[in-house]
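Below is one structure; the comments refer to it alone.
Read the figures in this text as sums done on the coordinates, not as results from a lab. This structure is a prediction, so every number in the text was calculated from the model and none was measured. Cβ sites come from the backbone with ideal geometry, for glycine too, and all protein chains shown count toward neighbours.
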Amino acid sequence: SAAQIPALAEPSPPTDLHAAAVRTLSLAHDLSDAIDRGQLDLYYQPIVRLVDGSLAGFEALVRWRHPQLGVVRPDEFIPLAEKTGLVHRIGQWVLKRATTDWPLLRQRCAATSQGAPFISVNLSAPELCNPGIVESIRDCIASSHIAASELRIELTETVIISSVELVSSAIAQLRTMGVGIALDDFGTGYAGLDYLQTLPFTAIKIDRAFVAQMHDSERSFQIIKSALELSRLLGIATVAEGIEDAKTGAMLASMGCNYGQGYHYARPLPLQDLLGAGTPT
Ligand code: C2E
Ligand code: MG
Ligand code: MG
Ligand code: MG
């Protein structure tokens, strides 16, 4: 039996590597049926206006409820889905679901003079490079009877670098339709500032790595300050990610950051939890 195998059979680093490889292989295998088996779910994280804490919108974040492994986060399975090509079906599912849910979620948002409510959806590089993507976004908007301006697509710098020519035409078409485009995880990638000049972003999202360090690191603080100043000059809205305490939210508000998102306000939640009684935050 297993108890009789000597402990020195495998040293611990290879065991970890082996376990990780086995997990990756089984996730890649199981993912192909995840949609058909109804294992994907879409969570929504509130985004607030920092000036008054009112609910401005939500970011849709995909989850996979694996029958044996529990909830698997997108950072783990989206890269796998990109390799197998399954990311297109997952992305279609996410877009459809988010635009269908939005009329319900919109009712939870506060209507204020500082911008209309919005729903944000993440797209990865292969998704945005898919020639049918603009058309399918248009279809989702039309069939759910929402305004294109209520939808915001979040792209990381990696997406942009992967194929500037391909993505810039998709981005331009989406902007023409009225869809918002946010530069996600700003500051962590390798995109130069020239992308802010050439691509029509409507928002930038300051990565939580900077937000988490802003009280302890003068550099992080200055980077955030310059990002906010730059966006203000360019007329681009700013969202700070990963706000985990009141102090950070208050400081970002005083620095003129428009929107905030993070565990201090709310975690990503299933639709049902957000539609319950009371305010979601
Ligand atoms: P992201 O777009 O930068 O999303 C923000 C991530 O930060 C989310 O992780 C969210 O749960 C987490 N977060 C929010 N507030 C806090 C906080 O206060 N503290 C900390 N420590 N974390 C916070 P999540 O949901 O695991 O998603 C990870 C990444 O996966 C996302 O990063 C996005 O790039 C990608 N992703 C998520 N959903 C989708 C999707 O539907 N399609 C695609 N292509 N990518 C997705
Ligand atoms: Mg995002
Ligand atoms: Mg982000
Ligand atoms: Mg991220």
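Counting Lys and Arg as +1 and Asp and Glu as -1, each charge on the Cβ, what is the dipole of the chain about the Cα centre in debye, to the nearest 20? Each step should come with its number before you reach the end.
Details: 22 positive and 30 negative charges, 123 e Å.
The calculation lands at about 580 debye.
Positive-end ranking of Val167, Ala250, Leu230 along the dipole of the chain, with charges on Cβ about the Cα centre, is headed by Ala250. Lys225: which lysines have alpha carbons under 23 Å from its alpha carbon, excluding same-chain residues fewer than 8 sequence positions away? In chain and number order, the partners are Lys205, Lys247.
Can you tell which of Ile141, Tyr263, His29 lies farthest toward the positive end of the dipole of the chain, using +1 and -1 charges on the Cβ of basic and acidic side chains (Lys, Arg; Asp, Glu)? It is Ile141. Less than 5 angstrom separates the built amide H of Glu59 from those of Gln45, Ile47, Ser120, all sequence-distant by 5 or more or on a different chain. The HN-Hα couplings worked out from phi for segment 42-56 by the Karplus form 6.51 cos²θ - 1.76 cosθ + 1.60 (θ = phi - 60°) are 10, 9, 10, 9, x, 10, 10, 7, 5, 5, 9, x, 6, 6, 9 Hz, whole numbers, x standing for Gly and Pro. Note on Gln197 and Glu244: their simple-model spin labels are 3.7 nm apart, each label 7 Å out from Cα toward Cβ.
Taken about its Cα centre, segment 62-115 carries a charge dipole of about 180 debye when Lys and Arg each add +1 at the Cβ and Asp and Glu each add -1 at the Cβ. The fewest-to-most ranking of Leu155, Leu27 by surrounding Cβ atoms within 10 Å reads Leu27, Leu155.
How far, in nm, would the chain grow between Arg267 and Ser254 when pulled straight, counting 0.36 nm per residue and subtracting the alpha carbon separation?
Numbers: separation 13, 0.36 × 13 = 4.68 nm, distance 2.31 nm.
2.4 nm is the gain from fully extending Arg267 to Ser254.
Fully extended, how many nm does the chain gain between His215 and Ser169 (0.36 nm per residue separation, minus their Cα-Cα distance)?
Working: separation 46, 0.36 × 46 = 16.56 nm, distance 3.94 nm.
Result for the pair: 12.6 nm of gain on full extension.
Among Asn258, Asn130, Asn122, the largest mean-square fluctuation in a Gaussian network model of the chain, built with springs joining Cα atoms closer than 10 Å, belongs to Asn130.
DSSP beta bridges in the chain, what fraction antiparallel, as a percent rounded to 5?
Values: 16 of 38 bridges.
Rounded to the nearest five, the antiparallel share is 40 percent.
Among 173-182, 42-51, the peptide with the highest mean count of other Cβ atoms within 10 Å heads the list, and the full ranking is 42-51, 173-182.
Neighbour counts of C-beta atoms inside 10 Å place Leu61, Leu233 in the sequence Leu233, Leu61, starting with the fewest.
Anisotropy class assigned to segment 127-281 is oblate, per the alpha carbon gyration tensor with a/c at or over the 1.5 cut-off and a/b no larger than b/c. Once backbone amide H atoms are built at 1.01 Å from N, His66 has Val71, Val72 as its partners under 5 Å, excluding neighbours fewer than 5 places away on the same chain.
The charge dipole of segment 40-195, taken about its Cα centre with unit charges on the Cβ of Lys, Arg, Asp and Glu (plus for the first two, minus for the last two), comes to roughly 520 debye. When the chain is described by a simple charge dipole with +1 on each Lys and Arg Cβ and -1 on each Asp and Glu Cβ, the residue from Gln114, Ala212, Gly187 located farthest towards its positive end is Gln114.
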